[in-house]
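Each remark here refers to the structure printed beneath this line.
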C-alpha cells in the first residue's frame, strides 16, 4: 500500500483523505494547522488528535520531515547553506540569505537536474527525481525553525529545473501562499527556469503574481547552445517571446539571469546583442559573476569587465544590477555542497 504524502495535500484534498479514513471533516482542519502553522515533524506531536487516529494516520500516510545533514554558515555575510537528507537517502540543498528587507530562502525543486548547463554543479550527476510539494515546502519550514525567524521571500532557484517538475511546483505555490499556512505573498516568490517554453506559457496562463526569472546567460543562439543544451530544443527568440507573453498575461516584470563567464559571454558585442535582444521588454537584468566549479574550466569575468558590461546595459535604458556574491566561502553555488557530500560518501 502506498502511503499518502500528507504535507503535499491542500485543505480540500486533506479533508477528503481524512473522511476516507472514517473521521469527521473538522479533524482535517486541525491536522492542516499542525502541519502548516505549527509545523510539527511527526503525527505524535498533534496533541488534540486521539492516539487511535494517530495510529491510523501512521498506517496510511507519512509526514515529510527533512533532516539537517549539514549546515554551513558564511563568516563573510551570515549566509547559511543547508544539506537536507530525504526519506529515500537522497540529499538536497537550500540556502538562507539575510537581507535588510528580510530573510530569503532559495530552495531546490529536484534531486539533481537533467538540463546540463555547462557552468552549473547541480547537473553534473544528472536527474534522480523531482521533489514533492511537501519536500519543497519543508525546506522553508525547517530553515525557519532553525533560525527562529520568519521567512519573507522564497526563490525556487536551487538544484533542479522547476518547470520540469511542474505539477508539484504549482501545488507547492498553492500551499506556500495559503493564508492558513506560511501565507507568503505570491509577489515574494520567484521561480527560475532555463527556458522550457511550453511550460512558461502554461505558467503565464495560471495568472499568478509570482516573478518569472529566465536563466538567459547568452546574447545569441550560438552562445546559448554552447552553454545551455536546452537551446537545442528552444531557440533563444522562442524563449524571449515566451517571456513577453508572460508579462503580457500577468503584468509581472521579467528577470533575466545572466552569468558572466570570462571571455565567453562578457564582451562589448555581447552587451550590444543582449540590449537588442531584450529591448522594449519590461525587465530587470541580474548579472551574476559565475561561481567557478572544478569540473569546468569557466572563469569569472574580472571586476572592470563586469562594471563595463553593466554600464553598457544601463546606457541603453535597461534596469540592471550585479548580484551581490553571498556564501562564496561555503560552497555557495548551486549543487556544490551536494556534489561534495556525494563524492565523499562514495557517490550514494
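Odds and ends about this structure:
- Looking across the stretch 68-122, the residues that are surrounded by fewer than 17 Cβ atoms within 10 Å (Cβ to Cβ) and under 16 Å from residue 136 (Cβ atoms) come down to 85, 87, 88.
- Just one of the listed residues (26, 53) is surrounded by 14 or more Cβ atoms within 10 Å (Cβ to Cβ) and over 33 Å from the mean Cα position of the chain (by Cα), and it is 53.
- Positions within the stretch 159-201 being out of contact with any helix residue (DSSP H, G or I) (no Cβ under 6 Å at 6 or more places or on another chain) and within 23 Å of residue 285 (Cα to Cα), in sequence order: 160, 161, 185, 186, 187, 188, 189, 190, 192, 198
- Just one residue in the set 68, 12, 51 is touching a helix residue (DSSP H, G or I) at 6+ places or on another chain (Cβ under 8 Å) and either within 24 Å of residue 179 (Cβ to Cβ) or at pLDDT 95 or above (or both); that residue is 68.
- Here the condition is being assigned to a helix (DSSP H, G or I) and surrounded by fewer than 19 Cβ atoms within 10 Å (Cβ to Cβ); of 163, 170, it holds for 170 alone.
Conditions (1) in contact with a strand residue (DSSP E or B) (Cβ under 6 Å, 6 or more places away or on another chain); (2) part of a loop (DSSP other than H, G, I, E, B); (3) at positive phi, marked per residue:
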residue: 151; (1), (2), (3): yes, yes, no
residue: 155; (1), (2), (3): yes, no, no
residue: 180; (1), (2), (3): no, yes, no
residue: 191; (1), (2), (3): yes, no, no
residue: 199; (1), (2), (3): no, no, no
residue: 217; (1), (2), (3): yes, yes, yes
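- Among (1) out of contact with any helix residue (DSSP H, G or I) (no Cβ under 6 Å at 6 or more places or on another chain); (2) over 28 Å from residue 10 (Cβ atoms); (3) crowded, with 19+ Cβ neighbours inside 10 Å - the single one residue 125 does not satisfy: (3)
The values are calculated or read from the model by the stated rules, or taken from the named source; none is laboratory data. None of the values given here were measured: they were computed from a predicted structure. All Cβ positions, glycine included, derive from the backbone under ideal geometry; neighbour counts span all protein chains shown.
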